[in-house]
1. Go through (1) without any contact (Cβ under 8 Å) to a residue 40 or more places away in the chain; (2) buried (at least 17 other Cβ atoms within 10 Å of the Cβ) for T378 and report which single condition fails.
2. Any residue in segment 167-182 that is under 17 Å from the mean Cα position of the chain (by Cα), of a type in the set (D, E, K, R) and in a loop (DSSP other than H, G, I, E, B)?
3. Residue under question is D361, and the condition is that it be under 25 Å from N125 (Cβ atoms), surrounded by fewer than 21 Cβ atoms within 10 Å (Cβ to Cβ) and of a type in the set (D, E); does it hold?
4. Any idea how many residues of segment 239-266 are farther than 25 Å from A346 by Cα and either in contact with a His (Cβ under 7 Å, 6 or more places away or on another chain) or at pLDDT below 95 (or both)?
5. Of everything in segment 227-258, what is within 21 Å of A328 (Cα to Cα) and touching a Phe, Trp or Tyr at 6+ places or on another chain (Cβ under 8 Å)? Give them in sequence order.
6. Quick check, is S406 hydroxyl-bearing (S, T, Y) and surrounded by fewer than 19 Cβ atoms within 10 Å (Cβ to Cβ)?
7. Considering every residue within segment 127-134, establish whether at least one is in contact (Cβ under 8 Å) with a residue 60 or more places away in the chain, assigned to a strand (DSSP E or B), among the basic types (K, R) and surrounded by 18 or more Cβ atoms within 10 Å (Cβ to Cβ).
Amino acid sequence: MSWRNFVYTLVLLVAFSVPLGAQDKKQGPPKRLAVRAGHLIDGKSDKSLDNVVIVIEGDKIVSVTLSGPAPAGVEIIDLSKYTVLPGFIDLHTHVLLNGDITADDYDKQLLKQSIPYRAILGARNGRIALENGFTTIRDVETEGAMYADVDVKTAIQNGEVPGPRMQVATRAMTPTGMYPLLGYSWELKLPTGVQYVDGADGARKAVREQVMYGADWIKYYSDRGYQIESDGVLHSMVNFTDDEAKAIVDETHRLGKRVAAHAIGSDGIAAALRAGVDTIEHGVGLTEPLMDEMVKKGTTWVPTIMVVAYVAPGRGGNWTKMVDLEKAAFQKARKRGVKIALGTDAGGSDWRELNEAVEFDYYVNYGMTPMEAIQSGTIRAAEALGWSEKLGAIEPGKWADLVAVSGDPLKDIKELQHVKFVMKGGVVYKDETSRH
């Protein structure tokens, strides 16, 4: 191990205490316990269930019983005064980023913070996500921190730091010169927020490289330069040629991975759909024909509403109008049957300032029922990850990822911003209930 990596690992170990029991599940026979839920929103049913006993062995759920007794001789976690839900899933995060309302916010992080330091903050941000109830996240690029998302993911998997399950996209891609840092003297060699990729062959090579270093997803920037034109539609400049974008998608799928496309304007969305991506990120400029195309292809939309609204006042220009455009698009997409799964773009805002669960509130305000919103951040998000057999619902065979809140989120979705209890893989990471 290099001296740099040794220091990096040591600081992580000192900075983050692992909760009691996080390592115990790896030793001896699997631990059995039972959770008694006063109310259960299981991620699949259309209504909540009352007086449910969830039996867990090791890191998995083995049974879910209505009004039944807990097995004899097992530890019982009494949440009979609480509503229990599946652990939340956020499909769009940046744990290596801590706010980028302005270009200056972004540039300072890349220019003044080392990658090891940013990785330490990334581990901190993972813990924040977990304590807010997000037991799984998809991190969709490191913003200049190379493959440090793989390191954070690995540290969490190895039990070195507490955090959510992660799927990661590493560096993201654009053609040369189409993503910051930009505008500095050509005499300076500066970091870039993405990997520059040119030509179909270059695209295939970049995909292979990122997968080699641990990418679960490939993310690319389909567009930039957003303008509302006379037709009232948000248009954009497309970054990659169709041949380049298709090469990215085809090579990624050939290697058994999935593709996320940053696509805000209608032109960028259309180009990404032509290429065959799996998820559209942001999607503010969605039109009804594009929505129908998404339904036909089975493409998932990850709207990231809360951060668009958060950054708009500071960025000004078209961004303030984009908030209203996205609301209208969301309402139409829901009615037309587009798959909508929750993603927040956390990292675009400071992790310490904006709880990811605010996204649920936006979805309800924009027309979803509370149950639909909850399912967008549980079972629907699990489908997008390809983890439907493991996550997204509370049922036998799935990972024991549970959260609990005091009130009824079907009556007040804001309850999800006040999680009292978090379990991931059968291990309790947060407990602020009154049961003690």
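1. (1)
2. Taking every residue of segment 167-182 in turn, at least one turns out to be under 17 Å from the mean Cα position of the chain (by Cα), of a type in the set (D, E, K, R) and in a loop (DSSP other than H, G, I, E, B).
3. Against the criterion (under 25 Å from N125 (Cβ atoms), surrounded by fewer than 21 Cβ atoms within 10 Å (Cβ to Cβ) and of a type in the set (D, E)), D361 qualifies.
4. Total satisfying the criteria: 0.
5. L234, H235, S236
6. Details: hydroxyl-bearing (S, T, Y): yes; surrounded by fewer than 19 Cβ atoms within 10 Å (Cβ to Cβ): yes.
Here the answer is yes, as S406 does meet what is asked.
7. Step one: filter segment 127-134 for residues in contact (Cβ under 8 Å) with a residue 60 or more places away in the chain, giving 127-134.
Now restrict to residues that are assigned to a strand (DSSP E or B): 134.
Those still in the list that are among the basic types (K, R) too: none.
No, that holds for no residue.
So that you can scan it fast, the table gives a plain yes or no per residue for (1) among the aliphatic types (A, V, I, L, M); (2) within 17 Å of K420 (Cα to Cα); (3) assigned to a strand (DSSP E or B); (4) free of Cβ contacts under 8 Å to residues at least 60 places away in the same chain:
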{"residue": "S45", "(1), (2), (3), (4)": "no, no, no, yes"}
{"residue": "N51", "(1), (2), (3), (4)": "no, no, yes, yes"}
{"residue": "I56", "(1), (2), (3), (4)": "yes, no, yes, no"}
{"residue": "S63", "(1), (2), (3), (4)": "no, no, yes, no"}
{"residue": "A72", "(1), (2), (3), (4)": "yes, no, no, yes"}
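The values are calculated or read from the model by the stated rules, or taken from the named source; none is laboratory data. Computed from a predicted structure; not experimentally measured. For neighbour counting, all protein chains shown are included, and Cβ atoms are generated from backbone atoms with ideal geometry for every residue, glycine included.
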